[in-house]
Amino acid sequence: MLRPVLQYPDPRLARVSEPVAEVDDEIRALAQDMLDTLTSVGGVGIAAPQIGVHRRVVIIDVSQENDAPDHPQDFKVFINPVITVLDPAGHEELEGCLSVPDLRAKVKRPRRVALDALDLDGKPVHIEGEGYYGACMQHETDHLDGKLFIDHISYLKRSLYDKKMKKKR
Ligand code: NI
């Protein structure tokens with residue numbers, strides 16, 4: 001089922017999400033709604049709070065691991081994801097977000113990370129990645145802590161964006 005994607009500055013995007021105690025039908029239905037919504041609007045990832053559900057569930061296009069052009073998207077669900085930094089060296093990628101309209105900006109994050117989570121069967125899964133893929137893992141997991149990529153950009157860029165959004169409303 002398609003769900004509306006919350007747009008900044010909706011305060012629900014700043015709320016911390018609850019861990020999933022059990023991977024049950026309710027969580028599988030949530031994951032399906034997230035997948036339907038993501039494939040409809042287009043993108044490489046989505047987090048549950050973006051559709052207003054504050055549970056620790058994200059979807060990431062894992063085909064990015066191959067970093068090959070024109071690879072078909074391959075969406076995987078990650079429940080209770082935890083990020084571990086494997087290489088803390090700062091690395092910049094151009095990021096955007098379904099919940100942050102009309103803005104893409106360079107964000108500096110640790111270069112290489114691992115993500116540990118549960119899959120839809122409740123089994124542990126582990127992925128690792130760097131560059132844009134690694135940034136995507138960190139970006140989606142950030143959503144579960146109420147953080148957006150614009151929380152990582154300079155004060156100046158952020159104020160300009162806030163001003164522009166205020167005008168738009
Ligand atoms: Ni996002």
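The values are calculated or read from the model by the stated rules, or taken from the named source; none is laboratory data. Please read these numbers as outputs of a predicted model, since none were measured by experiment. Positions of Cβ are generated from backbone atoms using ideal geometry, with glycine treated the same way; all protein chains shown enter the neighbour counts. Accessible surface is based on the protein model in full, side chains and every heavy atom, while ligands, DNA and RNA are left aside. Shrake-Rupley method; radii C 1.70, N 1.55, O 1.52, S 1.80 Å.
Here are some notes:
- Residues in segment 134-169 that a label on residue 92 would reach, taking backbone N under 15 Å of a point 7 Å out along Cα→Cβ: 152-158
- A simple spin-label model places pseudo-atoms 7 Å from Cα toward Cβ; at residue 151 and residue 24 they are separated by 2.9 nm.
- Cα shape, the chain, gyration tensor, a/c 1.5 rule: oblate
- Out-of-range pairs (alpha-carbon distance over 30 Å; input 76/166; 106/167; 106/164; 108/163): 76/166
- Residue by residue, segment 136-144 carries 3J(HN,Hα) couplings of 4, 4, 6, 4, 5, 5, 3, 4, 6 Hz when phi is fed to the Karplus relation 6.51 cos²θ - 1.76 cosθ + 1.60 (θ = phi - 60°); x denotes Gly or Pro.
- Take the chain with all the other protein chains still there, run a 1.4 Å probe, and you get 53 Å² of accessible area per residue.
- The chain - percent of accessible surface contributed by carbon and sulfur, probe 1.4 Å: 54
- Between the amide H of residue 111 and those of 87, 89, 91, distances stay under 5 Å, these residues lying 5 or more places away or on another chain, with hydrogens modeled in the peptide plane.
- Stretchable slack from residue 160 to residue 128, in nm (0.36 nm times residue separation minus alpha-carbon distance): 8.1 nm
- Placing +1 on the Cβ of every Lys and Arg and -1 on the Cβ of every Asp and Glu, with nothing else charged, gives the chain a dipole about its Cα centre of roughly 1300 debye.
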